[in-house]
1. What do you reckon, is Ala66 surrounded by fewer than 10 Cβ atoms within 10 Å (Cβ to Cβ) and at pLDDT 90 or above?
Amino acid sequence: MIGQGLTLMVVGMAVVFVLLVLLVYVMKLLSFVVNRFFPDKEEEVQPKTQRAGEADILAAIASAAAYHNS
């Protein structure tokens, strides 16, 4: 009885291990296929200039620093 239980346990663990390994390789294959046929679109790089809201933020920080130092 114990022998059958151990055999069933080993077989069950082996099946789970094989399925998990198979799942890893299937996910790698799926990732390769998706990246190959549906690549990410490249984003445009914005120049390093101040954006519209940055001047307001810098002014607020400067006024807070001036208030704190007075």
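The values are calculated or read from the model by the stated rules, or taken from the named source; none is laboratory data. Keep in mind it's a predicted model, so treat the numbers as computed, not measured. Note that we place each Cβ from the backbone using ideal geometry, even for glycine, and neighbour counts take in every protein chain shown.
1. Details: surrounded by fewer than 10 Cβ atoms within 10 Å (Cβ to Cβ): yes; at pLDDT 90 or above: yes.
Here the answer is yes, as Ala66 does meet what is asked.
Residue-wise test of (1) surrounded by 10 or more Cβ atoms within 10 Å (Cβ to Cβ); (2) part of a helix (DSSP H, G or I); (3) within 31 Å of the chain's Cα centre (by Cα); (4) at pLDDT 90 or above.
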| residue | (1), (2), (3), (4) |
| --- | --- |
| Gly5 | no, yes, no, yes |
| Val15 | yes, yes, yes, yes |
| Val34 | yes, yes, yes, yes |
| Asp40 | no, no, yes, no |
| Lys48 | no, no, yes, no |
| Ile57 | yes, yes, yes, no |
